[in-house]
1. Sort 119, 59 by accessible area with a 1.4 Å probe, largest first.
2. Quick one: which residues, 5 or more positions from residue 72 or on another chain, have an amide H under 5 Å from its amide H? H modelled 1.01 Å from N in the peptide plane, none for Pro or chain starts.
3. Probe of 1.4 angstrom, ligands and nucleic acids ignored: what's the accessible area per residue over the stretch 36-139, in square angstrom?
4. Would you please give the residues with an amide H less than 5 Å from that of residue 81, counting only those at least 5 places away or on a separate chain, with H modeled from the backbone geometry?
5. Using a probe of 1.4 angstrom, how much of the accessible area of the chain is carbon and sulfur, in percent?
6. Could you please tell me the mean projected area of the C-alpha convex hull for the stretch 1-130, averaged over all directions and given in square nanometres to one decimal?
7. Given an 8 Å cut-off on Cα distances and at least 6 residues of separation, report the relative contact order of the chain as a percent.
8. Which one of 27, 16, 115 has the biggest mean-square fluctuation once the chain is modelled by GNM with Cα springs under 10 Å?
Amino acid sequence: QETGVRITGRQLGASRQAPAVARQFTRGFLADMGASTWCQQAGELMASELVTNALVHAKSAARLWISVADGIARIEVTDDGPGDPVLRDPGPEGGYGLWLTDMLAQSWGVIPAARDLGKTVWFSISLSGSRQFASRLVS
């Protein structure tokens, strides 16, 4: 098993295609890193949701970074918009992005930008991850 850190990133425009690009980019990189199918699917879903949040709520383009070390992927989405993400129960108006991230990721958080505009939302997920986290969905 490789012990080095692998990092990749992609600038995403503020367009409707950005979430799809994020999904494809994330899944491809995780697959190249030998991630389980579950990790690839969960990772691409969460990355897509966070990019969508950047577009819809921050009204900003997004930057997507993925780093892999010691069998753990850390995926970060940075935007330049105002406001902080709020975890809430999903409903007809949305709210699924952070809710899904909270359910599927091993850990996640928000790092405010130094200049008070923008933030980075990140999550980590095990490359060998399986549906074990999905049990949290029904608890």
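1. Final ranking, largest accessible area leading: 59, 119.
2. Those lying under 5 Å, H to H, from residue 72 are 127.
3. Solvent-accessible surface per residue comes out at 49 Å².
4. 118, 119
5. 51 percent
6. 7.6 nm²
7. 26 percent
8. 115
The values are calculated or read from the model by the stated rules, or taken from the named source; none is laboratory data. Note that the structure is predicted; figures quoted are calculated from it, not measured. Protein only, heavy atoms only, side chains kept; ligands, DNA and RNA dropped before computing areas. Shrake-Rupley method; radii C 1.70, N 1.55, O 1.52, S 1.80 Å.
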